[in-house]
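What follows is a single structure, written as structure tokens, with notes after it.
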Amino acid sequence: MNHLILLGAPGAGKGTQARKLQDERGIVQLSTGDMLRAAVKSGSEIGKKAKAIMDAGKLVSDDIMIAMIEERVQQPDCKKGFILDGFPRTAAQAEALDAMLAKLGLALDHVIEMTVDEKILTERIVGRYTCAKCGAGYHDAFQKPKVAGVCDVCGSREFTRRADDNAETVRTRLDAYRKQTQPILPYYRTKGILKSVDGMAEIDDVARQISAILD
């Protein structure tokens, strides 16, 4: 069984690797954003509390996040393990998460940091765009359509870019990651469960590095 956290700057490829692990090993990706939306939609007690806080434009408290994760990791699909995505972001959250897992007789096996070159990463994110019709992904420099302006998959000529895929927003997100999330690395390093992989490598290379840690 594997209980993991994938850490890395925005655009490091955490989501891609989590989906690969889910497909290949049955380790469920638990995105706190998805969990929050699901809890609100379900109308559960935690969902109602979270909705009231979000509706007021405030951040959901650590207590509610931990309660939500506690509920989720006990569901049958987490039997083979889980990957936490988007949590914890602070040392206090990391400690609260450990305490909650210990209460359930569980513990984190690995915390994997996907290291990146921020300059190249910014180029990677800023150049991204997708087909508006089928969602196929492209890039100004690294992955252009075979025929300029025509989607390889569905032939559509309409493309879209995420509003937040611009240099300024990327810099802000990287800055927030450095300030908020990087400080938890020493916490996991002292516990001996922190490992690093080269997040700038090819997707399959990164997957092999992660597999080597899990095996």
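Looking at the structure I just gave you, is Arg37 farther than 23 Å from Leu104 by Cα, without any contact (Cβ under 8 Å) to a residue 12 or more places away in the chain, under 11 Å from the mean Cα position of the chain (by Cα) and surrounded by fewer than 21 Cβ atoms within 10 Å (Cβ to Cβ)? So Arg37 fails the test. A count restricted to region 116-161 and to residues that are of a type in the set (Lys, Arg), surrounded by 13 or more Cβ atoms within 10 Å (Cβ to Cβ) and either under 24 Å from the mean Cα position of the chain (by Cα) or within 23 Å of Thr172 (Cα to Cα) (or both) stands at 3. Do you know which residues across region 152-175 are part of a loop (DSSP other than H, G, I, E, B) and within 26 Å of Ala12 (Cβ to Cβ)? Of everything in region 152-175, those that are part of a loop (DSSP other than H, G, I, E, B) and within 26 Å of Ala12 (Cβ to Cβ) turn out to be Asp152, Val153, Arg161, Arg162, Ala163, Asp164, Asp165, Asn166. The residues of region 40-98 that are of a type in the set (A, V, I, L, M, F, W, C), more than 29 Å from Asp109 (Cβ to Cβ) and in a helix (DSSP H, G or I), listed by number, are Val40, Ala52, Ile53, Met54.
Scanning for something in a helix (DSSP H, G or I), over 18 Å from Gly15 (Cα atoms) and among the basic types (Lys, Arg), does region 125-134 turn up at least one residue? No, region 125-134 contains no residue that is in a helix (DSSP H, G or I), over 18 Å from Gly15 (Cα atoms) and among the basic types (Lys, Arg). Residues of region 183-195 that are surrounded by 13 or more Cβ atoms within 10 Å (Cβ to Cβ) and either at pLDDT below 95 or basic (Lys, Arg) (or both): Pro183, Ile184, Leu185, Tyr187, Arg189, Lys191, Lys195.
Entry remark, region 1-29: residues being crowded, with 21+ Cβ neighbours inside 10 Å and either free of Cβ contacts under 8 Å to residues at least 60 places away in the same chain or assigned to a helix (DSSP H, G or I) (or both) number 5 in total.
The values are calculated or read from the model by the stated rules, or taken from the named source; none is laboratory data. Every value quoted in this text rests on a predicted model; they were computed, and no experiment measured them. All Cβ positions, even for glycine, are placed from backbone atoms using ideal geometry, and neighbour counts span all protein chains on display.
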